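One structure below.
Rule-based calculations on the coordinates, nothing more; no lab input. None of these values were measured; they are calculated from a predicted model. As a convention, Cβ positions derive from the backbone with ideal geometry for all residues, glycine included, and neighbour counts pool all protein chains shown.
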């Protein structure tokens with residue numbers, strides 16, 4: 001080594017880097033995708049999941065406070081793999097694959113508002129149950145089961161049809177003029193600045209309202225004075241009580257559902273958005289003085305999963321996140337039959353997205369604890385986590401015995417044609433015709449899968 005050339009080892013390392021010729025990392029996309037990886041469940045969950053889902057606003061905030069290292073882990077995973085699914089996971093072959101949903105984007109924006117860190121970019125070609133920050137339903141907490149699955153159909157139609165696809169146009173959102181209008185709608189003063197992949201106004205350190213607007217049309221707004229969690233953090237940092245910071249009383253009552261929905265409709269109007277173009281529902285539960293409301297974009301009267309979510313108090317909007325991108329019609333596309341959609345679940349070109357596999361058993365007491373139930377047992381952070389009970393090693397397999405190769409046989413009996421979000425490698429966000437398929441296996445375990453419905457002749461598979 002030449003001691004007068006200290007950069008020589010670094011040059012050799014760079015030369016050996018297998019990703020040396022890879023495109024430069026888009027930090028804004030990585031950041032949004034990292035945020036989304038901290039989300040949990042999605043809008044196209046099965047009926048079973050809907051009944052077992054955790055009210056995610058409270059759960060998310062709790063998780064943020066106890067596991068900040070997850071962000072670093074997600075960054076490492078994304079940079080190592082070169083991308084990540086924001087709102088969905090594409091499967092491979094016959095293995096079940098799990099999808100996360102629109103609330104993943106909602107989680108991304110909510111995390112940004114808590115940490116001053118959608119919708120971000122997803123891996124190109126990944127189908128997702130929604131975009132923006134927050135679907136009206138719970139996001140799916142699932143992951144590949146490692147199980148091989150064979151799908152058959154029963155009672156489904158064999159005739160194809162046509163359906164429209166749509167694009168989302170965000171070009172008019174992340175501009176100086178539009179961001180200034182958004183800030184004025186929230187009653188903010190000052191001039192937004194552009195940097196770090198977003199338009200920004202305000203700082204979390206000041207305790208004043210904060211606004212972020214991203215290139216994909218995602219808007220992230222929070223008013224710490226109306227957010228009980230932010231109030232607690234500000235009080236802890238200042239060494240005082242939450243009341244001393246000018247915050248809303250975190251023990252107050254949340255608005256009734258009808259009032260909460262009206263507050264979000266008024267906010268949409270102030271933002272220059274037609275609230276009648278959305279299905280507004282206060283179906284996300286409450287947390288202290290906040291009620292969580294979702295506005296789901298409608299196309300031809302059908303919810304799309306493209307959503308705007310908000311936490312509202314009797315005093316106004318505490319936080320709001322979602323996309324203001326506007327849909328535009330791409331025309332009519334040929335759609336395969338439901339029977340063909342089932343066949344696509346086993347086609348590696350399509351790999352259906354499954355929402356039937358949870359990564360861990362969820363116990364009743366876990367659900368109670370996440371929902372804030374008064375009967376929920378308190379968790380001791382110092383209590384060691386119990387591992388699996390020790391067992392004896394398995395007996396040797398007899399020579400010539402069949403090799404274990406479990407295959408799950410699933411019969412699909414239901415098919416609903418709708419729209420789901422698709423991210424392209426060119427950066428476009430599309431709403432494409434997609435089948436949501438429901439079925440059960442021989443043990444009666446139900447599941448829901450989604451697969452793109454557009455016919456092969458109108459798919460660019462190059």
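Details
- Segments 256-269, 391-404 sorted - mean Cβ within 10 Å per residue, highest first: 256-269, 391-404
- Modelled FRET efficiency - R0 45 Å, residue 152 with residue 391, Cβ distances, 0.05 increments: 0.80
- Across the stretch 171-326, C-alpha contacts under 8 Å between residues 6 or more apart give a mean separation that, scaled by the residue count, equals a relative contact order of 21 percent.
- Label-point separation, residue 258 to residue 349 (7 Å along Cα→Cβ), nm: 5.3
- Full extension of the chain between residue 302 and residue 191 gives 36.2 nm of extra length, using 0.36 nm per residue less the Cα-Cα distance.
- Protection proxy ranking, peptides 219-226, 207-214, average beta carbon neighbours within 10 Å, highest first: 219-226, 207-214
- Label point distance in nm, residue 461-residue 426, each placed 7 Å from Cα along Cα→Cβ: 2.0
- Residue 411 paired with residue 171, simple spin-label distance in nm, labels 7 Å along Cα-to-beta-carbon: 5.1
- Stretching residue 205 away from residue 315 to a fully extended chain increases their span by 37.4 nm, per 0.36 nm per residue minus the current alpha-carbon distance.
- Gyration tensor (alpha-carbon) shape descriptor, the stretch 171-326, a/c threshold 1.5: oblate
- Counted by neighbouring Cβ atoms within 10 Å, the residues 286, 159 run from fewest to most as 159, 286.
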